[in-house]
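S.K.: Just dropping this structure here.
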Amino acid sequence: MSERESLKKIREEKKRWEEKVQNKNPEKKYQTHSKIPVEILYTPDDLDDFDYFKDLSFPGEYPYTRGIRHNMYRGKLWTMRQFSGMGTPKQTNARYHFLLERGQTGLSVAFDLPTLMGYDSDHLRSKGEVGKCGVAVDSLDDMETMFSKISLDRISTSMTINAPASILLAMYVAVGEKQGVLSEKLTGTLQNDILKEYIAQKEWIFPPEPSIRLITDIMEFCSQHVPKWNTISISGYHIREAGSTAVQELAFTLADGFAYVEAGIKAGLDVDSFAPRLSFFFNSHLDFFEEIAKYRAARRIWARHMKEKYKAKKKESWLLRFHTQTAGCTLTAQQPENNIVRTAFEALAAVLGGTQSLHTNSMDETLALPSEQAVQIALRTQQLIAYESAVADTIDPLAGSYYLETLTNKMENEAERYFEEIEKRGGVLKCIEEGYFQKEIANAAYRYQREIEKKERIIVGLNDFIIPGEKIEIPIVKIDEKVEREQVENLKKVKQTRDNDKVKRGLQELKKTASGTENTMPVILDCVRCYATEGEIVDVLREVFGEYQEAPMF
Amino acid sequence: MERKIRVLLAKPGLDGHDRGIKVIASAFRDAGFEVIYTGLRQTPEMIAEAAIQEDVDAIGMSVLSGAHMTLFPVVLNLLREKKAEHILLFGGGIIPEEDIEKLEKMGVGKLFTPGAITSEAIEYLKEEIPKRRKEEKLF
C-alpha cells in the first residue's frame, strides 16, 4: 500500500471506529489549557504533511525540535537548580550549602523585594519587606557572605534580578575577583528580562528605553569580559504565573526574545556576538502534553526566526536553551503534600521537553518560603526522575506521537498568529504601553479562576476531594523580624568602614556615564568594588533615567 | 435605591504580584460593585487618602510578600487618624493563621488566603457593608 492509500484507509477506518465511541458526556469540552481542542484519538492522518527533516530532524541539528545537543542527557543531565534565598546573606549561604551537600548542581538566587526594586534595607519603602521573599543584598559585603566557601569557578549561578541586574552582576564579578576567579571563567545567568517585568512580574524601576540600554550594555560587557555568562533569561515563567495560557506564554516570551535581538542589532552589535548568550526560562504547568509541545515548539520557532529572519550565522545563535520552573500557581495551600505529586508531573514534562536546568517547587510554597524538609523532597523529585525513572536515557522519547506532534505544530501556528498580531499593533513596546499583553493575561487568569469556581476545572483538594476543617501539618518557615534590624546594622557598618570619598567619586562618574552613551558596566563595577550600595547606585540611575509608571487596569 | 458597594482595591508595598487582585477586581465588577483599582506600589498614606477621596465602603489590600504585619496596621491607623474608621479594611494574600488572628484583633476585616474563591469575598462584603452602614447611619 502506498503512503497515500494508507492514510486514506486510516481516515476511513477512524470514521468507522468513531461510530462505536459513545459520547457519555456531551457537555464536556475537551481542550488543552490554551483552549486547543483535543480529539479522542490521533492517528497518522493528523500529520499528513509531516516532514521529518523539516519539522524535527536530529537532536543537536536544525531546527532543534528534538533537543539542542547531540547526546542530550547522556552527555549532561539538566542542572538541578533550586531558586533560593531567605533572610540575611548568612542564612542564605547556609541554605546553599545545605542544597549543595544534597546534590544540587547549580545555584539560583532569590532576592528580596527591596533588592529587586533597588532600595537598600534601611529605606522607608523597605520596611517590613527585608529578607521576606528572598535574600537582602545591599552591598558587595552581602554578596561575599552569601557565596562564602562556594568557589565561583566551580558552580554556575543564576540570579533572578532585572531592573538592577547590572549592579548584581558587577557584585558577582567582584566576589569572583576576591576569590581570585577571573571574570572569563564565571558561568551563570542573569534574568535581566525587563520586558516581562512590564508585562507580568512588575518589578520595574526605569522606563523602557534606558532599561534596554542597560541590557545592551550588559550584553556588550559580557561578550568582552564574561563570555560564558547568559546575559538574559527571557522569561515566560512570570507571564504564565500571572495567568496566561501556554500559547500566550510561548508567544509573548519569544516575541520579547526577538525584541532583544532587534535592540542588540539596533545598538550596533553583530547578532552572532550576543545571541548565543541569550537563554530562556519557561513554566511547567499541569497540562502534561501541552507543556512538552510548548518546549519543542519554542526550540523550532526560535531556530527558524534566528536563522531566517535575523540572519544569524552561528549555530549557537539558533539554539533555544532554557531553564524550567514548575508552576507555583498550580500549588494549593490545601493538602499541601499533594503539591509534591503535582510538581513531579510538571518536572517530568520539563525533562521530556528537553530542559537544560530545572527548579522543582517545594510543597509549602503557597504558605511560606520552603522549609529544609520541603526543599529536600523537591530536589529529590528531580533526582528520582534523573536516576530512577530512566526517561533521560533516550532523547525526545515522545517524538512521533501523533498527538504530541500535532500539538507541537498547533502551538507553533498559534504563536505565529500572536507574532503577527503584535507586529500589527506596532511591536512589543507598543503593546506594553497599550496594555495589550497585560489585558490578555488578566482575561485568561479570570477565565481560569471562573472555571475553578464553576468546577469546570477540578483542582484536587481545592474544589473537589476536600477535607473539611483540615489542619496543615507541615512545618512553616517564618522570617524573623530581627533580620531587618541585623541587615540595617550591617549596612551602617559597611558605610562607616568604606572609603566614602571613593564612593562619592564613583557615583559622580556613574552619573556622567549614565547621562552619556558610554557603557555603564565598567563604572558600576568600580562603584561596587568600593562598596557603594545597590540603593546608592540605583538612586543615581533613577535621577538620570526617571521612573516607570504603569496605568492600573484590570 | 441603596448605593452600590464601593471598593478600593490596592497593592501596598513593593510586591508586584497582581494576578489575584485583578481577578478580584473583575469578580467584584461582575457582582455589581463599583471598583477602584489603585495599581501597584501604593504607600499606606496614598491608600488611606484615596479611600477617603473616593468615599468607598471598603479597602481590599493584597499582600503576597510577607509584609502584611507592617502594612495592614499602618493603613488601619491612618484610617483612624483621619476619622475614617467606618471604611472596612479587608484583604488577602499569603498570611499565616496566627497573623490573621492578630490582625483581626486589631480591627482588620476578613483576610482571604490561597484557594479562597471570589464568591466568598463577594458574599462577605454584601453582608458586612450594609451592617456597617446601618451602624454608622450612613446612606
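S.K.: Please go through the range A:247-281 and pick out each residue that is out of contact with any Asp or Glu (no Cβ under 7 Å at 6 or more places or on another chain) and not in a helix (DSSP H, G or I).
M.R.: A:ALA267, A:GLY268, A:ASP270, A:LEU278, A:SER279, A:PHE280, A:PHE281
S.K.: In the range A:338-378, how many are hydrophobic (A, V, I, L, M, F, W, C) and touching a strand residue (DSSP E or B) at 6+ places or on another chain (Cβ under 6 Å)?
M.R.: Applying the first criterion (hydrophobic (A, V, I, L, M, F, W, C)) to the range A:338-378 yields A:340-341, A:344-345, A:347-352, A:358, A:363, A:367-369, A:374-375, A:377-378.
With the extra rule that they be touching a strand residue (DSSP E or B) at 6+ places or on another chain (Cβ under 6 Å), the set shrinks to A:347, A:349-350, A:358.
Qualifying residue count, the range A:338-378: 4.
S.K.: Looking only at residues that are within 14 Å of chain B (Cβ to nearest Cβ) and under 22 Å from A:ARG81 (Cα atoms) in the range A:240-284, which one is nearest to the chain's Cα centre (by Cα)? I'd like the intermediate steps shown before the answer.
M.R.: Let us first name the residues in the range A:240-284 that are within 14 Å of chain B (Cβ to nearest Cβ), namely A:240-245, A:248-249, A:283.
Among the residues that remain, those that are also under 22 Å from A:ARG81 (Cα atoms) are: A:240-241, A:249, A:283.
Numbers: A:ARG240: 10, A:GLU241: 11, A:GLU249: 11, A:ASN283: 7 Å.
Here the answer is A:ASN283.
S.K.: Please enumerate the residues belonging to the range A:187-196 that are outside any strand (DSSP E or B) and crowded, with 24+ Cβ neighbours inside 10 Å.
M.R.: Step one: filter the range A:187-196 for residues outside any strand (DSSP E or B), giving A:187, A:191-196.
Within the range A:187-196, A:GLN191, A:ASN192, A:ASP193, A:ILE194, A:LEU195, A:LYS196 qualify.
S.K.: Could you list, in sequence order, the residues of the range B:68-77 that are farther than 23 Å from B:LYS134 by Cα and either surrounded by 23 or more Cβ atoms within 10 Å (Cβ to Cβ) or within 12 Å of the chain's Cα centre (by Cα) (or both)?
M.R.: Result: B:HIS68, B:LEU71, B:PHE72, B:VAL75.
S.K.: Of the conditions (1) more than 24 Å from B:ASP18 (Cα to Cα); (2) facing another protein chain (nearest Cβ under 10 Å), A:GLU473 satisfies every one except a single condition; which number is it?
M.R.: Tallying (1) more than 24 Å from B:ASP18 (Cα to Cα); (2) facing another protein chain (nearest Cβ under 10 Å), A:GLU473 fails exactly one: (2).
S.K.: Hey, another quick one. Give the range B:120-139 a look and list any residue that's over 21 Å from B:LEU64 (Cβ atoms) and either within 14 Å of another protein chain (Cβ to nearest Cβ) or assigned to a loop (DSSP other than H, G, I, E, B) (or both), or say none.
M.R.: B:GLU123, B:LYS137, B:LEU138, B:PHE139
S.K.: Just to be sure, is A:ALA170 within 14 Å of chain B (Cβ to nearest Cβ), crowded, with 23+ Cβ neighbours inside 10 Å and touching a residue at least 40 places away in the same chain (Cβ under 8 Å)? First the steps, then the outcome.
M.R.: Details: within 14 Å of chain B (Cβ to nearest Cβ): no; crowded, with 23+ Cβ neighbours inside 10 Å: yes; touching a residue at least 40 places away in the same chain (Cβ under 8 Å): yes.
For A:ALA170, the condition - within 14 Å of chain B (Cβ to nearest Cβ), crowded, with 23+ Cβ neighbours inside 10 Å and touching a residue at least 40 places away in the same chain (Cβ under 8 Å) - is not met.
S.K.: Tell me, please, whether a residue that is surrounded by fewer than 23 Cβ atoms within 10 Å (Cβ to Cβ) and in a loop (DSSP other than H, G, I, E, B) can be found in the range A:208-226.
M.R.: There is no residue in the range A:208-226 that is surrounded by fewer than 23 Cβ atoms within 10 Å (Cβ to Cβ) and in a loop (DSSP other than H, G, I, E, B).
S.K.: Identify the residue in the range B:26-63 that is among the aliphatic types (A, V, I, L, M), in contact with a helix residue (DSSP H, G or I) (Cβ under 9 Å, 6 or more places away or on another chain) and in a helix (DSSP H, G or I) and, among all such residues, is farthest from the other protein chains (Cβ to nearest Cβ).
M.R.: It comes out as B:ILE52.
S.K.: Sticking with this structure for a sec: Being among the charged types (D, E, K, R), out of contact with any Leu (no Cβ under 9 Å at 6 or more places or on another chain) and crowded, with 18+ Cβ neighbours inside 10 Å narrows it down to one of A:GLU473, A:GLU486, so name that one.
M.R.: On the way: A:GLU473 fails: crowded, with 18+ Cβ neighbours inside 10 Å.
Result of the check over A:GLU473, A:GLU486: A:GLU486.
S.K.: Quick check on the range A:452-469. Is at least one of its residues under 17 Å from A:ASN338 (Cβ atoms), within 14 Å of chain B (Cβ to nearest Cβ) and among the charged types (D, E, K, R)?
M.R.: Checking the range A:452-469: at least one residue is under 17 Å from A:ASN338 (Cβ atoms), within 14 Å of chain B (Cβ to nearest Cβ) and among the charged types (D, E, K, R).
S.K.: Condition first: within 13 Å of the chain's Cα centre (by Cα) and either at positive phi or not charged (D, E, K, R) (or both). Now tell me which residues in the range B:78-102 satisfy that. Can you show your working first?
M.R.: Start the filter on the range B:78-102 by keeping residues that are within 13 Å of the chain's Cα centre (by Cα), which leaves B:79, B:85-93.
The answer is B:LEU79, B:HIS86, B:ILE87, B:LEU88, B:LEU89, B:PHE90, B:GLY91, B:GLY92, B:GLY93.
S.K.: Please specify each residue of the range B:86-119 satisfying the condition of being outside any strand (DSSP E or B), in contact (Cβ under 8 Å) with a residue 12 or more places away in the chain and away from chain A (no Cβ under 14 Å).
M.R.: Scanning the range B:86-119 gives B:HIS86, B:ILE87, B:MET106, B:GLY107, B:VAL108, B:GLY109, B:LYS110.
S.K.: Sticking with this one: Does A:ARG125 satisfy the criteria of being under 20 Å from A:SER357 (Cβ atoms), of a type in the set (D, E, K, R) and without any contact (Cβ under 8 Å) to a residue 40 or more places away in the chain?
M.R.: Working: under 20 Å from A:SER357 (Cβ atoms): no; of a type in the set (D, E, K, R): yes; without any contact (Cβ under 8 Å) to a residue 40 or more places away in the chain: yes.
For A:ARG125, the condition - under 20 Å from A:SER357 (Cβ atoms), of a type in the set (D, E, K, R) and without any contact (Cβ under 8 Å) to a residue 40 or more places away in the chain - is not met.
S.K.: Restricted to the range A:161-185, and to residues that are among the small types (Gly, Ala, Ser) and in a helix (DSSP H, G or I), which residue is farthest from A:TYR119 (Cα to Cα)?
M.R.: Looking only at the range A:161-185, we keep the residues that are among the small types (Gly, Ala, Ser), and these are A:163, A:165-166, A:170, A:174, A:176, A:180, A:183.
So of that shortlist, the ones also in a helix (DSSP H, G or I) come out as A:165-166, A:170, A:174, A:176, A:183.
Details: A:ALA165: 13, A:SER166: 15, A:ALA170: 17, A:ALA174: 20, A:GLY176: 24, A:SER183: 26 Å.
Step by step, filter the range A:161-185, then rank; the result is A:SER183.
S.K.: Report yes if some residue within the range A:93-102 is at pLDDT 95 or above and assigned to a loop (DSSP other than H, G, I, E, B); otherwise report no. Give the steps one after another, and end with the answer.
M.R.: Restricting attention to the range A:93-102, the residues satisfying the condition of being at pLDDT 95 or above are A:93-102.
Add one more test, that the residue is assigned to a loop (DSSP other than H, G, I, E, B), and what stays is A:102.
Yes: one or more hits.
S.K.: Only one of these conditions is not met by A:ASN192: (1) in contact with a strand residue (DSSP E or B) (Cβ under 6 Å, 6 or more places away or on another chain); (2) within 14 Å of chain B (Cβ to nearest Cβ); (3) not charged (D, E, K, R). Which number is it?
M.R.: (2)
The values are calculated or read from the model by the stated rules, or taken from the named source; none is laboratory data. Because the structure is predicted, anything quoted here is derived from the model rather than measured. Neighbour counts are summed over all protein chains in view; Cβ atoms, including those assigned to glycine, are modelled from backbone coordinates with ideal geometry.
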